[in-house]
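Enquirer: Structure incoming, see below.
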Amino acid sequence: MEALTPLLWATGSGEDVMKRIAAPMVGGLLSSAFLTLELIAVVYTYWRYSQLKKSLRTGKPLMEIVGLEGESA
């Protein structure tokens, strides 16, 4: 990404083409990093927490709720 950011402030020949190419790439890198590091982790945590709550509420083992009952490691 360090190589792409100077293209956003470039002046001179070809700058209009470079900016159009670099801007979506920089935005994609930033949004994919946020998605991977933050959003997916939060969604996964809420999903697993709901499975744990369901296990405690119904009295069933967590492995049964998750769908791993009867499988051997």
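The values are calculated or read from the model by the stated rules, or taken from the named source; none is laboratory data. None of these values were measured; they are calculated from a predicted model. Counting neighbours? That spans all protein chains shown, and the Cβs are built from the backbone with ideal geometry, glycine included. In case anyone asks, the SASA skips ligands and DNA or RNA and just uses the protein heavy atoms, side chains included. Shrake-Rupley method; radii C 1.70, N 1.55, O 1.52, S 1.80 Å.
Enquirer: What shape does segment 1-43 have by the C-alpha gyration tensor, where a ≥ b ≥ c are the square roots of the eigenvalues, rounded means a/c under 1.5, and otherwise prolate means a/b greater than b/c and oblate the rest?
Expert: Cα axes put segment 1-43 in the prolate bin.
Enquirer: Amide H neighbours of Ala10 under 5 Å, counting only residues 5+ apart in sequence or on other chains, H built in-plane at 1.01 Å?
Expert: Residues meeting the criterion, in which the H sits 1.01 Å from N, do not exist here.
Enquirer: Can I get the semi-axes of the chain's equivalent ellipsoid? Compute them from the C-alpha gyration tensor as square roots of 5 times the eigenvalues, in angstrom, largest first.
Expert: Three semi-axes, in Å: 49, 11, 7.
Enquirer: Rounded to the nearest 500, what is the 222 nm mean residue ellipticity of the chain from helices alone, with -39500 (n - 2.57) per DSSP H run of 4+ residues and division by all residues?
Expert: Rounded to the nearest 500, the figure is -20500 deg cm²/dmol.
Enquirer: Suppose each label sits 7 Å from its Cα in the direction of the beta carbon; what would the Ile21-Thr36 distance come out to in nanometres?
Expert: Taking the simple label geometry, Ile21 and Thr36 are separated by 2.3 nm.
Enquirer: Which is the longest stretch in the chain that no exposed loop site breaks, taking sites as GluC sites (Glu not before Pro) with a DSSP loop state and at most 11 other Cβ atoms within 10 Å?
Expert: So the longest stretch without any such site is 3-68.
Enquirer: Let me ask another. Any chance you could run the full-extension gain for Thr58 through Ser13? It's 0.36 nm times the residue separation minus the Cα-Cα distance, nm to one decimal.
Expert: Stretched fully, the Thr58-Ser13 segment lengthens by 9.4 nm.
Enquirer: Would you rank Thr58, Thr5, Thr11 by solvent-accessible area, highest first, keeping every protein chain in place and using a 1.4 Å probe?
Expert: Accessible-area ranking of Thr58, Thr5, Thr11, largest first: Thr11, Thr58, Thr5.
Enquirer: Hand me the chymotrypsin sites (Phe, Trp or Tyr not before Pro) from the chain located in a DSSP loop with no more than 15 other Cβ atoms within 10 Å, in residue order please.
Expert: Trp9
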